[in-house]
Amino acid sequence: MRRVLLFIPVLLAVTLGIVLFAGIGKDPNKLESALIGKPVPEFVLADLHNPEVQLGPEVFRGQVSLLNVWGTWCPACRDEHGDLVWLAEQQGIRIVGLNYKDERELALQWLDRLGDPYQVSLYDPRGELGFDLGVYGAPETYVIDPDGIVRYRHVGVVNEKVWREDLEPVVRKFREDS
Amino acid sequence: MRRVWLMLAVLAATPLWASTSDVYPFDSAAEQERFNNLITELRCPKCQNQNIADSNSPISKDMRDEVYRMMQDGATNEEVTNALVSRFGEFVRYKPRLEQRTWLLWATPVLAVLAGLLVVAGIVLRSRRAAAGSPGLSAEEKARAERILGKDSGSH
């Protein structure tokens, strides 16, 4: 009996080790979105290109889309822009852009100069939809299914690796379902 | 002397512009305090180890604005917190809700105290039992101990 008790510290250490080991390599800055499995919040926002056109959540209906949150003030958005253009042009992915807390003029110049990967561009200068989505730092990229349900969120730069490993499997899954 | 007065005046003036109350005006001190409590209990999702009262990241400002706006609309503390949790996730609560995932977290202090009490009780019981059970050394042992300790060392 006494000998069995001696194993308690070992057991505790092993348990603690397993718990801590499971945390290694996880980036604590990446939070899972609270909106996974829920519809994109209601919104009415102007089209970036046509100020008089009002858009709502129906822009996500019908096919799987990526929703990319960006701004010209965001250096990491500049990093990923080329990859977004590649995704839109070479991979035929439908990307909805959410221009977040930005100025229309600057945003349009940026798209002119670097290429426009967005089939639809929402203009959110006060960050209203961004706030309802729980955006806490651009760039963020969401996968939205054909019913307008949020399925995945990636915080940070999208590149080929992120696309292959994280986004593409989700996109493919919801494409097949529809 | 004039310089000293000037410095004192500068020091006295600092708290005025350091306070946040002029950014978010409230009708009563109680509401002001409710606001201050709320923003110290909500965590900034961007800066992670700061509450939204201390953090000056843009997202924290948006969150403070939303807390203020909801309070002006008459929302309760719970409604405000829930509105932010539904957007940013459970992460923004500094006080996690008691649920299946968090009961162990809440119970750990109690469990630790109980375990400590058990250990102490065990030690006390055992030492008492030892004191009562063995009445010291037998006569033979005593004699041997004395011999070893050299009580009769003079005979050598």
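Looking across the range A:115-133 at every residue that is within 14 Å of chain B (Cβ to nearest Cβ), free of Cβ contacts under 8 Å to residues at least 60 places away in the same chain and crowded, with 19+ Cβ neighbours inside 10 Å, the one that is farthest from residue B:64 (Cα to Cα) is identified as A:127. Taken together, A:118, A:136, A:152 contain a single residue that is farther than 24 Å from residue B:83 by Cα and in contact with a Leu (Cβ under 8 Å, 6 or more places away or on another chain), which is A:118. Restricting the range A:44-60 to residues that are over 21 Å from the mean Cα position of the chain (by Cα) and without any contact (Cβ under 8 Å) to a residue 24 or more places away in the chain, the residue that is nearest to residue A:146 (Cα to Cα) is A:54. Screening the range B:57-102 for residues that are polar (S, T, N, Q) and within 14 Å of chain A (Cβ to nearest Cβ) and picking the one that is surrounded by the most Cβ atoms within 10 Å (Cβ to Cβ) gives B:60.
Scanning the range B:65-84 for residues that are closer than 19 Å to residue A:34 by Cα and not hydroxyl-bearing (Ser, Thr, Tyr) returns B:66, B:67, B:78, B:79, B:80, B:82, B:83, B:84. Within the span defined as the range B:105-119, one or more residues are more than 30 Å from residue A:129 (Cα to Cα), assigned to a helix (DSSP H, G or I) and modelled with pLDDT under 90.
Count of the range A:19-36 residues, restricted to those that are at pLDDT 90 or above, surrounded by 10 or more Cβ atoms within 10 Å (Cβ to Cβ) and out of contact with any Ser or Thr (no Cβ under 9 Å at 6 or more places or on another chain), is 1.
A single member of A:84, A:6, A:45 is loosely packed, with under 15 Cβ neighbours inside 10 Å and more than 14 Å from chain B (Cβ to nearest Cβ), and it is A:6. Here residue A:136 clears all of (1) within 14 Å of chain B (Cβ to nearest Cβ); (2) hydroxyl-bearing (Ser, Thr, Tyr); (3) more than 19 Å from residue B:57 (Cα to Cα); (4) outside any strand (DSSP E or B) except the condition numbered (3). In this structure, is residue A:155 within 12 Å of the chain's Cα centre (by Cα) and of a type in the set (Val, Ile, Thr)? Answer is yes for this residue.
A quick yes/no check of all residues on (1) over 26 Å from residue A:148 (Cβ atoms); (2) touching a Gly at 6+ places or on another chain (Cβ under 8 Å); (3) of a type in the set (D, E, K, R):
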position	(1), (2), (3)
A:63	no, no, no
A:66	no, no, no
A:70	no, yes, no
A:83	no, no, yes
A:93	no, no, no
A:105	yes, no, yes
A:114	yes, yes, no
A:118	no, yes, no
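The values are calculated or read from the model by the stated rules, or taken from the named source; none is laboratory data. This is a predicted model, so every value here is computed, not measured. Backbone-built Cβ (ideal geometry, glycine too); neighbour counts: all protein chains shown.
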